[in-house]
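The values are calculated or read from the model by the stated rules, or taken from the named source; none is laboratory data. In this text the structure is predicted, and so the values were computed from the model without any measurement. Heads up, the Cβs are rebuilt from the backbone with ideal geometry, glycines too, and the neighbour counts pull from every protein chain shown. Protein only, heavy atoms only, side chains kept; ligands, DNA and RNA dropped before computing areas. Shrake-Rupley method; radii C 1.70, N 1.55, O 1.52, S 1.80 Å.
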Amino acid sequence: MRRPSPPLLLLLLPLHFFLLSANAAGNGDDGNGGDLLRGDAMALLALKSSLRCRPGALRSWTAGAAGSVCAWEGVRCAGGRVVSVDVANMNLSSAGAAVSARVPAALDALETLSLAGNGIAGSVGAASLPALRHVNVSGNQLGGGLDGGAWDFATLPALEVFDAYDNNLSAPLPLGVAALPRLRYLDLGGNYFTGEIPAAYGGMPSLEYLSLNGNSLQGRIPPELGNLTSLRELYLGYYNVFDGGIPPELGRLRSLAVLEVSNCGLTGRVPPELGALASLDTLFLHTNQLTGPIPPELGNLTALTALDLSNNALTGEVPRSLASLASLRLLNLFLNRLHGPVPDFVAALPRLETLQLFMNNLTGRVPAGLGATAALRLLDLSSNRLTGVVPDTLCASGALHTVILMNNFLFGPVPAALGSCASLTRVRLGQNYLNGTIPAGLLYLPRLSLLELQNNLLSGPVPSNPTTPTASSGLAQLNLSNNLLSGPLPATLANLTALQTLLVSNNRLAGAVPPELGALRRLVKLDLSGNALSGPIPSAVGRCGELTYLDLSRNNLSGAIPAAIAAVRVLNYLNLSRNALSGAIPAAVGAMSSLTAADFSYNDLAGRLPDTGQLGYLNATAFAGNPRLCGAAVGRVCSDDDDYTGGGGGVASSSSTAAAGTSSSAQRRWRAGGAGELKLVLALGLLACSVVFAAAAVLRARSFRGGSDGSGSGSGSGSGGAWRFTAFHKVDFGIAEVIECMKDGNVVGRGGAGVVYLGRTRSGGAIAVKRLQPSSSCPSSSDDRGFRAEIRTLGRIRHRNIVRLLAFCTSRGANVLVYEYMGGGSLGEVLHGSNGKRGAAAPPPALPWDRRYRIALEAARGLCYLHHDCAPMIVHRDVKSNNILLGGGGGDADGEARVADFGLAKFLRGGSGSAAAAAASECMSAVAGSYGYIAPGTFRSFVGSFTPVILS
């Protein structure tokens, strides 16, 4: 290779020395600059020490590596100084006492500081940092106030961004930030600030973003906020409870793009001045107590993409001026008192994706062509007084996933186009006057999870699958009850392998019950009652291992009751009444411990009733209309002629029948000759039985008292007679294990509804035993209302994000629920410390953001199932972080979050305005004293309580 010529060397040498000197200056290796950079390194080490980082955190931050501070994790240098420290989401915090950290003033060139998402408890502050422009301490556990403490805002003149969202900060809002001349972004949301919003907050001319939502602020919203002419986003909602209404002065914020003032107790009218916010993109005023009409001036907000005025008390009609909102994607006006028609212009909005107007008093028809010009995704017009037909254009774009039109007066056919709308996930068209046939393919759409067509006038057959299934079905709930459907049940229902609820009662179905239903292994509820089904009950039903509810009543079924039903170990409701079933009730069915209700009346059953299991607790009406049944339950003494086999077919054996026939004449002669002796034997037998029963009752009472005394304290098993145990799943524990765990030493939680104990199964597994407290506010028969509400709720549902009720126990003086044990504790404990409340003494463990998101999503799925997909719909009414339980790996399967504690569950039924319902609701409200976010009403309570959980 040729060597460079001397002139070229002379040119390259100065360049070489220039680069070396520049590199030395950048790394602080030159004289005074190096000293400053080493000083920055020492200051960072002091900061690390004051943060009490967990072992292994910020591993590169060491005194031995001070010379290479610019290469430290999260550190950036410029001009020979440290200018940025960004250690966000590095899980720095370690368990232990709260820290008291202060950013050293030696970092006087620092421009950016981010400690976000590290779960740091205690306090962090800064002062005398003239170059500091950006501060982010969000997503920690910082407490106390910001004024007059660690933060000296007067010595931070360059500050432009201050983000302290999602901490435990309290005291009044800091006044010092109002004097920062360059502040553009201020987020103090998701804390516990109290008092009023200072009027001085309206004097920050450069402010573009202000978030104070999710605190405990009170007073009026200061009209001075209307002076923030540079403001683009304003968030004031949630947790805060303001007096008065929305200041009309907010209409002066001409640069405002987002106005969110939801769920904060606002009253009065929606100011028409808001119509002057020409740049507004999002307007959220939902979940308040706003009254009056929707101002037509809102039609001037031509840049608006999301308008949510739901869950207020707005009246009047939907203003036609909203037709000019051509950019609108979301329109939520549900849960108001609006009347008049659904305006036709909504069908012409070109970008509309979500339209929710349910629970108003709207009349007229559903606008024709709705969905034809926009990619409609969610439509909910339920619980109004709409008439006319369902438009066939709803899924014209192929994007529709939810359509809810139930509880109206709609007629005509179900649009055939819905049968080919592959994007559909939820369809609820029940409680209308729809007629015609069910569209082919609708039941078998690949993404459909819920289909409700009940209480209509639909006719024709239940459609079979028109194509060969190429993917597994996701349909979990199918309700076709109370229609005019005819023909047989199709065998292709077996393709709906995810089905949990199948309701086809009160139709005109005929033919046999298809044995293919046994392939529905996830089926929880099956109701085929009130039809004309014939033939035997297929034994394949016994393969539905998760079935808890089976109703085949009021049909023409014949043959024997299959003993295979007993294989369903969690079945708690069985109704076979008003059929033509014959033979005996199988002993295996009689021995089922899970049954809590059963009805065999008005059949042709014969033989001796099983005297074991739960059948002994049933009333005689459960066996009425079967004159050939005998036993104590029906008050008919069995004779030797009564056929019964303890085996499991339910039919008398042929050998016993033949023997009975051969000896009949001898028996008649015996009865004629020895009637007196028979009476004597019967009398002596009855006397002996009485003595035996009395002795057994005494022994049982003594053993029960002994068990109570052995519990060690008054919080044990309680009194009130014999216990009755019912399991909803296959369990390896009984009443003895439940009573044994109810001791003070096993208490793991206390609440307004009762005490929770940690119990153990026979195999050593963990269970949660909740003993409900009797109520003092509702007398006598209402004392166990929380118990009955939980049983009615949890006994009917199966969902992966709702805590499983394993069993329940009851006696005359106590009600006990047995749940699966969730080893991760409650969300409240994880977020706020051991007591799950504000100001917890013990610092909670850090919760990564991805886990927070999954918990919120999983809890939302459970609550969505309760409110939207249950029949009847259920509002939890006590949603709080303490009632969201987390899996902890100790037998909790996948460790998902699950919603718990349904002592306040309220069923949304029609006719709830009766005196009895009002009394029940009043009793329910009496228990609403536990720590949480309980608001009055039903759906308002759900929205107003789950939102704070999300924010926390």
- [ ] Mind putting together the pair-distance distribution for region 324-425? All Cα pairs, 5 Å bins, whole percent per bin, short to long.
- [x] 3, 14, 25, 27, 21, 8, 1, 0
TODO: Any chance you could run the full-extension gain for residue 722 through residue 303? It's 0.36 nm times the residue separation minus the Cα-Cα distance, nm to one decimal.
DONE: 144.0 nm
TODO: Working from the alpha-carbon coordinates of region 571-643, get Rg over Rh, Rh being the Kirkwood radius.
DONE: 0.92
Task: Projected area averaged over orientations for region 463-542, convex hull of C-alpha atoms, nm² - done: 5.0 nm²
Task: Percent accessible area from carbon and sulfur atoms, region 537-615, protein chains only, probe 1.4 Å - done: 45 percent
Open item on the list: Is there a quick way to get the dipole size of region 217-338? I mean about its Cα centre, with the Cβ of Lys and Arg at +1 and of Asp and Glu at -1; what is the value in debye to the nearest 20?
Closed with: 160 debye
Open item on the list: Tell me the carbon and sulfur percent of the accessible area for region 257-405, rounded to whole percent, probe radius 1.4 Å.
Closed with: 52 percent
Open item on the list: As a test of understanding, state the convex hull volume per residue of region 535-613 from its alpha carbons, in Å³.
Closed with: 72 Å³
Open item on the list: Give me the one-decimal nm value for the distance between modelled label points at residue 620 and residue 337, 7 Å along each residue's Cα-to-Cβ direction.
Closed with: 5.4 nm
TODO: Kindly state, to the nearest 0.05, the FRET efficiency for residue 62 paired with residue 88, given R0 = 35 Å and r defined as their beta-carbon distance.
DONE: 0.95
Task: Magnitude of the charge dipole, region 268-422, Cβ model with Lys/Arg +1 and Asp/Glu -1, debye to 20 - done: 180 debye
Open item on the list: Residues of region 406-422 with the amide nitrogen closer than 14 Å to a label point 7 Å from the Cα of residue 365, along Cα-to-Cβ, please.
Closed with: 410-413
TODO: For region 32-121, list log₁₀ I(q)/I(0) at each q in 0.15 Å⁻¹, using the Debye formula over Cα point scatterers of equal strength and ignoring solvent, two decimals each.
DONE: -0.52
Open item on the list: If I model a spin label as a point 7 Å beyond the Cα along the Cα-Cβ vector, how far apart are those points for residue 411 and residue 569 in nm?
Closed with: 5.3 nm
Open item on the list: As a test of reading the structure, rank 393, 291 by solvent-accessible area (1.4 Å probe, protein chains only), most first.
Closed with: 291, 393
Task: Cα-based Kirkwood hydrodynamic radius, region 234-308, one decimal, Å - done: 12.2 Å
Open item on the list: Placing +1 on the Cβ of each Lys and Arg and -1 on the Cβ of each Asp and Glu in region 38-147, which of 137, 83, 55 has its Cα farthest towards the positive end of the resulting dipole?
Closed with: 55
TODO: For region 397-485, build the convex hull from the C-alpha positions and give me its volume per residue in Å³.
DONE: 84 Å³
